[in-house]
Amino acid sequence: MSAVRYRRRAVGVVSALILAVCGPLTASSAAQAQTQSPASAGTATAPAVAKGKHPVVTWGASADRQGAGPADRSYRLIVRTSVGGTNMRIRLSNAFGDHPVTFASAYAGLQQQGAELVHGSNRQLSFGGATSITVPAGEIVLSDPLPGKLAAQSDLVISLYVTGAQGPTTGHGMAMQTNYATAGDHAAEEGAANWTDPMGSWYWLDAVDVETPTAVGSVVTLGDSITDGWASTTDGNRRWPDYLSRRLQAASDITVKGVANEGISGNKVLADGAGQAALNRLQRDVLSQPGVRTVFLFEGINDIKAHSGVTVDDMIAGYRQIIDRAHAAGKCVVGATVMPFKGWSEYDAAAEAVRQGVNDWIRNSGALDAVTDFDRITRNPYDPQLILPFFDGGDHLHPNDKGMQAMADAVDLASLTSC
């Protein structure tokens, strides 16, 4: 069990509603699409929701700048929901584009297998009542809500027909999920025959939310490749946030039910590179998501091992900025210690000293609302600078499926409602 220190009084705990299988989803023309810049994402007026309900993020993947994409192409994107609910919306991002992009059609269905959908599940989405929308460069858009229920732990399929794409696309490079693409417009089709191009990334789609009782909230995991799922089983949903999501769904006394995985492989706290630095993407990827109760901060190894001169004090300053901004937004912040990496090519004594200093601060500063000690859980007791071989994905840095599960099991679920 993780070490947990409470800095603010815990909220009361209420049993959460877990909703049943997805019903027919038909687009609502009454709600208006919300187009906004990433810096102000989530600040537009939300559509009316039923009394006692609110939107909560059920899936997320951090956007980054990707290579140029074809101008006339369909994308079939498969995502695993966390919390169940009603009135699903998707968020499409052109945050890193330098030209407008048109989503000529968009559909939501359920996966049967591969690119094939459950018969009768594919329903068209709308944007301000229209079936297509053009998103300017640098902007994001929310769809209208789809009436109907979407179950927790569903394999949701979003199919997009994209036209007019020029220059860099926006997407998430390492999905650890097989998605599909094809030339032309095939978004409405439920069969797999035309989806001939498998791909390992998500494009354009960066979040999905559902409407839940107001007592229900979500946690966003802000991290790097370990959170992104490197070395976990592709198509298995075995990233540590996936295991955490399943634990939360099974818990009857925890009101945090949603999990949005905002990890980017290679990401740093302080410097842009593999994605914008955590400090620079915090608003778009984390604080703008609806219904977020808690931020789970687990980053730092890429800053530390880069040998860029980053010190313990530099890392603490970055962490404090994230914590302060999250607290100012009314969110709890749970932090995790940085895991061992001896045996990785960039390991040396100087970087290890910074890791130890950072972990001492995480454990003992009291700046966080709670702490999960991933270092203690995953390290080799005979050489604490090494990851335990049973958990090692093979490169002495990234955990395998067993390590991912152990990490999720180490999170005290009560800590996610620690303020």
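Taking the helices alone, the chain has a mean residue ellipticity at 222 nm of -5000 deg cm²/dmol, built from -39,500 (n - 2.57) per DSSP H run of at least 4 residues and averaged over all its residues. Across the chain, Cα-Cα distances exceeding 35 Å account for 24% of all pairs. Local charge sum around residue 248 (other residues, Cβ-Cβ under 15 Å, Lys/Arg +1, Asp/Glu -1)? It works out to a net charge of +2. Note: relative contact order over the chain, using C-alpha pairs below 8 Å and six or more positions apart, is 21 percent. Comparing 230, 280, 372 along the charge dipole axis of the chain, the residue lying farthest to the positive side is 372, per the Cβ-charge model. One Cα centroid belongs to the stretch 207-262, the other to the stretch 291-342; the line between them spans 19 Å.
Only Cα pairs under 8 Å and 6+ residues apart enter the sum, and on that basis the relative contact order of the stretch 65-137 stands at 33 percent. Using Cβ point charges alone (K and R +1, D and E -1), the dipole size of the stretch 303-419 about the Cα centre works out to roughly 220 debye. Of the cross-linked pairs 257/402; 53/268; 149/268; 53/402; 51/331; 331/402, those separated by over 32 Å at the C-alpha level are 53/268; 149/268; 53/402. Kirkwood analysis of the Cα pair distances in the stretch 63-213 returns a hydrodynamic radius of 15.1 Å.
For the chain, the Cβ-based charge dipole about the Cα centre amounts to some 1260 debye (Lys, Arg positive; Asp, Glu negative; other atoms uncharged). Summing +1 for each Lys or Arg and -1 for each Asp or Glu among the other residues whose beta-carbon sits under 11 angstrom from that of residue 89 gives -2. Taken about its Cα centre, the stretch 358-398 carries a charge dipole of roughly 100 debye when the Cβ of each Lys and Arg holds +1 and the Cβ of each Asp and Glu holds -1. Each peptide in 151-159, 239-247 gets a packing score, the mean of other Cβ atoms within 10 Å over its residues, and the list from highest to lowest is 239-247, 151-159. Projecting the Cα positions of 349, 316, 399 onto the charge dipole of the stretch 307-415 (unit charges on Cβ atoms of Lys, Arg, Asp and Glu, taken about the Cα centre) puts 316 furthest along the positive direction. Relative to the longest principal axis of the Cα atoms of the chain, the long axis of helix 312-328 lies at roughly 40 degrees. To the nearest 0.05, what FRET efficiency results for residue 272 and residue 247 with a Förster distance of 35 Å applied to their C-beta separation? Taking R0 as 35 Å, the efficiency between residue 272 and residue 247 is 0.60.
Among 131, 227, the sequence by solvent-accessible area, most first, with a 1.4 Å probe is 131, 227. Taking Lys and Arg as +1 and Asp and Glu as -1, the other residues whose beta-carbon sits under 14 Å from that of residue 186 total -4.
Got a sec? Charge dipole of the chain, +1 on Cβ for Lys and Arg, -1 for Asp and Glu; which of 146, 179, 306 is way out at the positive end? Selected residue: 146. Does anyone have the angle between helix 240-250 and the longest principal axis of the chain? Alpha-carbon axes, 0 to 90°, nearest 10? That works out to roughly 70 degrees. Protection proxy ranking of 330-342, 377-389, 404-416, by the mean of other Cβ atoms within 10 Å over each peptide's residues and highest first, is 330-342, 404-416, 377-389. Working note: Karplus 6.51/-1.76/1.60 with θ = phi - 60° gives the stretch 174-191 the couplings 10, 7, 6, 8, 7, 10, 9, 9, 6, 6, x, 9, 10, 4, 7, 6, 9, x Hz, where Gly and Pro are set to x. A straight line joining the Cα centroids of the stretch 90-140 and the stretch 357-419 runs 37 Å. Relative to the longest principal axis of the Cα atoms of the chain, helix 401-410 runs at roughly 80 degrees. Starting from the Cα of residue 311, step 7 Å along the direction of its Cβ; do the same at residue 345; then give the gap between the two resulting points in nm. Going by the 7 Å Cα→Cβ label model, 3.0 nm.
The values are calculated or read from the model by the stated rules, or taken from the named source; none is laboratory data. As the structure is a prediction and not an experimental result, all values here were calculated from the model. Virtual Cβ from ideal backbone geometry, glycine too; neighbours counted across all protein chains shown. All accessible areas refer to the heavy atoms of the entire protein, side chains included, with ligands and DNA or RNA removed. Shrake-Rupley method; radii C 1.70, N 1.55, O 1.52, S 1.80 Å.
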